[in-house]
Amino acid sequence: MKNLYIIPALLISLSGLVFAQDDAEEIVEISTVEALLALVKEGKTKEQAANTERENKFVANKNKQASILAAEKRELARQEKIADTLEAEYKKNEEILRVKEEAYNKELGSLVELFGHLQSSAGEAAVQFSGSLTGAQYGQERVKFLNELTGKMSETTELPTIREIEGLWYELQREMIASGQVVSFTTNVIDVDGETSECKVTRVGLFNAVCDGKYLEYATSKGQYAFLPRQPAGRFTKTASKVGDASVGDQVKFGVDPTGPTGGSLLANLIQTPSLMERAQQGREVGYAIIAVGIIAVLFAFYKLYSLYMIGTAVRKQANQDAADSSNPLGRVLKVGKDNFDKDIDTLELKLAEAIMAERPAIDSGIGFIKIISVIAPLAGLLGTVTGMIVTFQMITLYGTGDPKLMAGGISQALVTTVLGLLVAIPTSLLHSFTQSSARGIISILEEQSTGILAERAESK
């Protein structure tokens with residue numbers, strides 16, 4: 001009975017084995033136990049053959065890898081031997097180099113310090129020559145030579161030659177001589193539009209260069225002279241024209257910038273300084289209004305002074321005459337006095353006062369306008385300053401305070417209106433004082449003459 005139970009179980013397990021095989025293999029139908037045992041025996045035989053084949057391949061690969069490992073070990077040993085040889089040779093060469101350097105330094109002696117000075121001198125000269133006004137005349141080859149000499153002397157493998165040292169001395173000597181010369185030569189000059197043309201250039205030492213009455217700067221990047229984008233005031237360009245037209249031995253005045261050589265800081269400040277017209281334009285609408293009103297006030301004040309002068313001249317002339325001339329204020333007052341001389345003193349005094357009061361408006365007319373302008377002008381300037389400061393603070397709000405030039409420029413423009421207001425107020429105040437004094441002088445003469453008439457009438461009683 002036990003065997004009967006074992007056989008089905010064996011069949012079930014073997015059937016599982018059969019179904020677990022690769023799908024590509026042909027499924028064999030099992031009908032008897034003997035067939036099943038034969039199939040199991042056949043599968044076991046195939047499995048043993050596959051295992052044997054894999055073991056053989058593994059052994060073959062193992063032998064191959066062992067031979068490769070042995071070859072690499074032999075190569076490693078060879079390379080280590082070569083490294084030891086090279087290391088020994090390196091130490092030997094280091095010792096030889098140390099001995100050579102000691103002998104080299106011993107042979108140089110004090111020349112080491114000399115070469116150090118030569119190196120620093122060549123470097124400084126190269127920097128100076130790269131921006132010197134003589135660069136357009138002598139070329140940039142000297143700068144290249146000095147840079148190469150500096151690089152050569154910075155190395156310890158090669159020393160400068162006598163010719164190279166003499167070349168450094170020659171370039172320094174030539175630059176020193178050029179600093180005290182005024183020379184003229186023809187070369188290419190770059191204009192403000194970027195165009196290049198030939199021009200007769202006059203170089204004054206290492207300070208300035210001029211052409212056609214205009215100042216030049218040295219464009220380092222192009223190795224040529226270039227006209228300044230903006231020329232200084234006319235009094236400087238006038239002297240520049242004289243230098244360009246001068247002959248050998250002539251002495252002329254010339255505005256030299258001692259801070260040269262590439263235009264100099266003084267010349268740059270002169271160029272950046274705004275002109276009178278530009279300063280007026282910075283005041284904008286308020287500034288224009290102040291200027292216009294100031295011009296009108298000054299012209300009117302001069303006209304008033306002239307008219308008062310003519311009136312005063314006629315009045316003083318009338319004071320020395322007996323006959324009354326109605327063409328001047330004093331003549332008309334005297335005529336009133338003569339016409340009413342026979343009346344009582346009170347009436348005569350009133351008539352004379354009335355005549356003087358009738359002449360006063362014509363004499364005092366316009367003086368108040370001059371006074372008003374002298375008062376309003378600084379107030380208008382203050383208005384322009386306040387509005388300009390408002391704009392400046394708005395710019396600070398937008399862009400911050402990172403750029404001081406932005407604030408300085410805005411404040412400078414704002415203060416222009418204050419300056420314009422004061423420039424108008426000061427002369428108009430003086431002119432108002434002059435016109436008022438002239439008018440009072442004429443009125444005083446009229447009052448003096450009327451008083452004389454009253455005194456004469458009182459004495460006649």
(1) at pLDDT below 85; (2) surrounded by fewer than 17 Cβ atoms within 10 Å (Cβ to Cβ); (3) of a type in the set (Val, Ile, Thr) all hold for THR150 apart from (2)
How many of the residues in segment 420-431 are in contact (Cβ under 8 Å) with a residue 60 or more places away in the chain and either outside the structural domain of GLN321 (by TED's automatic domain parsing) or surrounded by fewer than 22 Cβ atoms within 10 Å (Cβ to Cβ) (or both)?
2
Across (1) without any contact (Cβ under 8 Å) to a residue 60 or more places away in the chain; (2) crowded, with 18+ Cβ neighbours inside 10 Å, LYS343 clears everything bar (2)
Top-ranked residue of segment 253-265 - restricted to ones that are surrounded by 12 or more Cβ atoms within 10 Å (Cβ to Cβ), of a type outside the set (Gly, Ala, Ser) and modelled with pLDDT of 70 or more, ranked as farthest from the chain's Cα centre (by Cα)
PHE254
Among the candidates GLY294, GLY283, residue that is modelled with pLDDT under 80 and crowded, with 16+ Cβ neighbours inside 10 Å:
GLY283
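Take the residues of segment 183-224 that are hydrophobic (A, V, I, L, M, F, W, C) and surrounded by fewer than 14 Cβ atoms within 10 Å (Cβ to Cβ): which is modelled with the lowest pLDDT?
Within segment 183-224, the first condition is being hydrophobic (A, V, I, L, M, F, W, C), and the residues that meet it are 183, 185, 189-190, 192, 199, 201, 204, 206-207, 209-211, 216, 219.
Of the ones still in play, those that are also surrounded by fewer than 14 Cβ atoms within 10 Å (Cβ to Cβ) are 183, 185, 192.
Details: VAL183: 82, PHE185: 84, VAL192: 75.
Among those residues, the one meeting the criterion is VAL192.
Among the candidates SER132, SER121, which residue alone is at pLDDT 80 or above, surrounded by 13 or more Cβ atoms within 10 Å (Cβ to Cβ), assigned to a helix (DSSP H, G or I) and among the small types (Gly, Ala, Ser)?
Numbers: SER132 fails: assigned to a helix (DSSP H, G or I).
Only one candidate passes the filter, namely SER121.
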Kindly state which strands (runs of 3 or more DSSP E) lie completely within segment 149-223 and contain at least 3 residues that are in contact (Cβ under 8 Å) with a residue 40 or more places away in the chain.
182-190, 196-204, 214-219
Residues of segment 196-210 being among the β-branched types (Val, Ile, Thr) and in contact with a helix residue (DSSP H, G or I) (Cβ under 8 Å, 6 or more places away or on another chain), which ones?
VAL201, THR202, VAL204, VAL210
Cβ pairs under 7 Å, 6+ apart or interchain, first in segment 432-461 and closer than 18 Å to ARG316 by Cα, second part of a helix (DSSP H, G or I) and among the small types (Gly, Ala, Ser), ordered by first then second residue, are THR435/ALA301; SER438/GLY312; GLY441/GLY312; ILE442/GLY312; ILE445/ALA319; GLN449/ALA319; SER450/GLY337; ILE453/GLY337
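The values are calculated or read from the model by the stated rules, or taken from the named source; none is laboratory data. Treat the numbers as computed from the prediction; the structure is a model and nothing was measured. In this analysis, Cβ positions are derived from the backbone assuming ideal geometry, glycine residues included, and neighbour counts consider all displayed protein chains.
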